[in-house]
1. Comparing Val240, Val136, Val73, which has the greatest mean-square fluctuation in the GNM of the chain with Cα pairs linked when under 10 Å apart?
2. Check which residues have an amide H placed less than 5 Å from Phe224's amide H, if you skip close sequence neighbours.
3. In a shell of Cβ-Cβ distance under 10 Å around Lys26, excluding Lys26 itself, what net charge do Lys and Arg (+1) and Asp and Glu (-1) give?
4. Count charges around Gly243 for me, please; just the other residues with Cβ under 12 Å from its Cβ, Lys/Arg as +1, Asp/Glu as -1.
5. Quick check on the chain: of the DSSP beta bridges with both residues there, what percent are antiparallel, nearest 5%?
6. Using Cα positions and a limit of under 16 Å, work out the aspartates and glutamates in reach of Lys192, with same-chain residues fewer than 8 apart set aside.
7. Expressed as a rounded percentage, what relative contact order does the chain have, with Cα pairs under 8 Å and six or more residues apart?
8. Could you work out the local net charge near Glu216, counting Lys and Arg as +1, Asp and Glu as -1, over the other residues with Cβ closer than 13 Å to its Cβ?
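None of the figures in this text is laboratory data; all of them are computed from the coordinates on show. This structure is a prediction, so every number in the text was calculated from the model and none was measured. Cβ coordinates were reconstructed from backbone atoms using ideal geometry, including for glycine residues, and neighbour counts include every protein chain displayed.
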Amino acid sequence: MTKTVTVGNVTLGEGRPKILVPIVGKTESEILTTAEQFRDLDCDIIEWRVDFYDQAQSPADVASLSHKVKAAVQKPLLVTFRSKKEGGELEISDDLYFDIYKEVLLSGAADLLDVELFMPETHVQETIDLAHRQNVKVIMCNHDFDGTPSQQEIVRRLSLMEERRADICKIAVMPHSNSDVLTLLEATSEMKAKATRPLITMSMGALGMVSRVSGELFGSAATFGAAAKASAPGQVPVAVLRGMLETLKLN
């Protein structure tokens, strides 16, 4: 049976898929204005995409601002630095990536931290250890913007995330056909049957949009909605997302 993960008053892995909405502002002022607007948004978790921030290369500035974002949104906060190779805005060294996360964990504010699967394993494990000591949950992720791996490979990557002690396992892939979308959904269903952690899976773009609203059926515990600006192709506007999830509910 899949374990649940609780952050604040939100439990992933039970009931309807939870809705995450990203903040993608550049300046501190823009980020905090958006955060305040998102306080009353119909979503469950706010993601701060650090790679959009104009001071993202300063770990101290990121950690300091994370407190302000957390206070403004008054919801569980996921802190994410998306690397350039996985669709992010800014190219930085692996060392700086982990320095930013270390500073956030030691002196910042985060309920969840996004860590990419294919970063150097030693650094990944050190970051997960530190996160868990700080009572921060880790979403481990992989993004394939070129295509959709085989069902077997998607399951392999999600299983590897479990082995590396992620609290939540996430994968996003790009479909080129309807059969690619089915591959992602079938992999999710297969993994759900044996997973010990909540999964977040999605097929991106317009082709894959169905995967973002069918998580309760196939086994994805959360979905990303767009409020101001989408952070990935195919995100459903948050204003209609809750209604879609309710319409597709199983009970």
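1. Val240
2. Leu20
3. Taking every Cβ under 10 Å from that of Lys26, the sum is -4.
4. +1
5. Given both bridge residues lie in the chain, the antiparallel proportion sits at roughly 10 percent.
6. Glu14, Glu153, Glu162, Glu163, Asp167, Glu216
7. In percent, rounded to a whole number, it is 20.
8. For residues surrounding Glu216, the net value is +4.
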